[in-house]
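Structure first, then comments.
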Amino acid sequence: MARRIHLLDLDPDLAEGMTKEREELARRHLIARLERVETGRWAPKADEFGAMDGLGLLVVEGLAIRQLSLGHRAAAELLGPGEVLRPWEDDGEHAAYPFDSFFRVVRPLSLAAIDREVTRKLMHFPEIVDRIMGRVMARSRRVVGYLVIAQLTSVDTRLHVALWHMADRFGKVRPDGVVVPVQLTHEMLGLIVGARRPSVTAAMGRLVERGLVEPLERGGWLLHGDPPQKLGPRVTPD
């Protein structure tokens, strides 16, 4: 059963930079339905949770990967709190090369349904719209970042750099290193860095042996030292 809750209670960062008066006004008027998606494969309908005529679905909690396949090739992006999902825009039948896409929910998702009514009210708060658009742009840049990482020659380097790239988004600093608390299988990591699962398993083993990465009992990794600096030869644009 969906609950209705104040949007700024779900995502307090959206109020950053607002005056106290504007924040109180937004808190009073912006109330969204909170929906939940359990772990496992998720192929949302175009109008999932009735959000199609609005901004979309805002991830409040949880972790998922969006997997995209074309023929026998596949890739994935990692999604977490703050992302905006619009299931009706799926690169499907109207694309020149239709992709097959679905989500794998790694940790249960809590989603705020920013439907037509909530979106109409949201337009009175450009400060919040600006924050959301900033997140959309940040997501597109992270995707390109992973695309570049997937082109590095060494799988060891790809994996190491990708984990630090995740640390920028999800990392928590500790005295002994940086924790990346994402529970991804080696297959999922392979989809992100453009490598097959056996290659990722072997690369992870070498990173562990070198003391650069430490697997955590509850999932995720502890990164030791600094981000890698030697990434191979620099590519010069044509």
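The values are calculated or read from the model by the stated rules, or taken from the named source; none is laboratory data. Every value quoted in this text rests on a predicted model; they were computed, and no experiment measured them. As a convention, Cβ positions derive from the backbone with ideal geometry for all residues, glycine included, and neighbour counts pool all protein chains shown.
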Hits in segment 119-133 (condition: farther than 14 Å from residue 15 by Cβ and assigned to a helix (DSSP H, G or I)): 119, 120, 121, 133
Just to check your reading of the model, which residue among 148, 143 is over 20 Å from residue 226 (Cβ atoms) and either in contact (Cβ under 8 Å) with a residue 40 or more places away in the chain or assigned to a helix (DSSP H, G or I) (or both)? 143
Which pairs do you get when a residue that is free of Cβ contacts under 8 Å to residues at least 24 places away in the same chain, found in segment 177-188, comes within reach of a residue that is surrounded by fewer than 21 Cβ atoms within 10 Å (Cβ to Cβ) and part of a loop (DSSP other than H, G, I, E, B), reach meaning Cβ atoms under 9 angstrom, with the pair 6+ apart or on two chains? 187/196
Out of the residues in segment 1-26 that are of a type in the set (Gly, Ala, Ser) and not in a helix (DSSP H, G or I), state the one that is surrounded by the most Cβ atoms within 10 Å (Cβ to Cβ). 2
Say we look at segment 70-116 and pick out the residues that are among the basic types (Lys, Arg) and at pLDDT 95 or above; which of these is nearest to residue 14 (Cα to Cα)? 116
Contacts under 8 angstrom Cβ, first residue in segment 190-204 being within 18 Å of residue 147 (Cα to Cα) and touching a residue at least 60 places away in the same chain (Cβ under 8 Å), partner among the hydroxyl-bearing types (Ser, Thr, Tyr) and part of a helix (DSSP H, G or I), 6 or more apart: 192/146
For residue 67, which of the numbered conditions (1) polar (S, T, N, Q); (2) surrounded by 15 or more Cβ atoms within 10 Å (Cβ to Cβ); (3) under 23 Å from residue 133 (Cβ atoms) fails to hold? (3)
Taking segment 38-97, which residues are outside any loop (DSSP other than H, G, I, E, B) and more than 30 Å from residue 163 (Cβ to Cβ)? 48, 49, 50
